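Peer 1: One structure follows; several queries about it will come next.
The values are calculated or read from the model by the stated rules, or taken from the named source; none is laboratory data. These numbers come from a predicted model, not from an experiment. Please note: Cβ atoms are built from the backbone with ideal geometry, for glycine as well, and neighbour counts cover all protein chains shown. Ligands, DNA and RNA are excluded from the accessible area calculation, which covers all protein heavy atoms including side chains. Shrake-Rupley method; radii C 1.70, N 1.55, O 1.52, S 1.80 Å.
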Amino acid sequence: MQKSYELLTTYSEAISNPQFHEAFREIQADVHKTAREKGWWENERNNGEAIALMHSEVSEGVDGWFDADDKVPEFYAIEAELADCVIRIMDLSQARKWDIVTPITADMSHKIFLETAAKKNEHFSLSKIHSALSKALEALRKPKEDESKEVGEALAECVARIFMFALVFKIKVAEALCAKAEMNKGREYKHGGKAF
């Protein structure tokens with residue numbers, strides 16, 4: 001996994017790069033494997049609930065902002081919680097076979113980068129991350145044509161917005177993601193008894 005972690009962090013500012021895509025896919029499969037081993041898939045998961053938990057990770061990051069994260073104190077809460085959001089996206093997408101990598105094109109990442117940089121407003125940018133998650137939920141509730149494609153595209157937008165947020169505001173989401181993914185491998189079954 002170390003090589004994939006290195007590629008993810010190296011290319012986290014160029015998320016349409018094929019090497020970023022390759023690393024992301026490998027880490028996604030590993031994240032899902034860990035989630036299964038830790039009991040998070042012993043019962044069928046509800047998609048809406050899973051997306052609500054992604055929203056909560058973003059909100060927790062805002063609440064903690066530049067406090068040290070309680071699990072990986074070398075990172076700020078905003079870094080670790082956005083990383084947790086991506087980890088949740090990876091896990092659910094792997095389970096459901098939603099493609100969240102292919103939609104991350106140069107056009108998508110460039111447009112989001114320009115929008116984020118032009119606004120240079122953390123709260124606006126974070127609201128757009130929440131908005132992308134809401135689009136995914138809406139695609140599950142009432143897809144226009146192809147549910148899997150629409151949900152995948154919305155979650156891809158969320159991932160792109162998180163990485164572009166990290167680039168513009170100079171925070172270490174990719175590094176936090178790698179640290180959290182590794183840390184999760186050593187955690188207790190269901191993190192010691194959590195329900196979700």
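Peer 1: Identify, please: which residue in the range 18-46 is among the acidic types (Asp, Glu) and assigned to a helix (DSSP H, G or I) and is, among those, most open to solvent (accessible area, probe 1.4 Å)?
Peer 2: This residue is Glu37.
Peer 1: Only one of Ala136, Ala166 is touching a Gly at 6+ places or on another chain (Cβ under 9 Å) and under 17 Å from Val86 (Cα atoms); which?
Peer 2: Ala136
Peer 1: Further, regarding this structure: Any idea which of (1) closer than 25 Å to Ser16 by Cα; (2) of a type outside the set (Phe, Trp, Tyr); (3) open to solvent by less than 50 Å² (accessible area, probe 1.4 Å) is the one Lys190 doesn't satisfy?
Peer 2: Only one criterion is unmet by Lys190, namely (1).
Peer 1: Right, something else. Considering the range 59-109 alone, what residues qualify as being touching a strand residue (DSSP E or B) at 6+ places or on another chain (Cβ under 9 Å) and at positive phi?
Peer 2: Trp65
Peer 1: Would you please name the residue that is farthest from Asn184 (Cα to Cα), looking only at residues in the range 1-17 that are part of a loop (DSSP other than H, G, I, E, B) and of a type in the set (A, V, I, L, M)?
Peer 2: Only one residue tops the list, namely Ala14.
Peer 1: Within the bounds of the range 145-154, is there any residue that is out of contact with any strand residue (DSSP E or B) (no Cβ under 7 Å at 6 or more places or on another chain), free of Cβ contacts under 8 Å to residues at least 24 places away in the same chain and within 19 Å of Phe24 (Cα to Cα)?
Peer 2: Yes: the range 145-154 contains one or more residues that are out of contact with any strand residue (DSSP E or B) (no Cβ under 7 Å at 6 or more places or on another chain), free of Cβ contacts under 8 Å to residues at least 24 places away in the same chain and within 19 Å of Phe24 (Cα to Cα).
Peer 1: Hey, can you tell me all the residues within the range 105-132 that are among the aliphatic types (A, V, I, L, M) and over 19 Å from Ile171 (Cβ atoms)?
Peer 2: Residues satisfying the conditions are Ala106, Met108.
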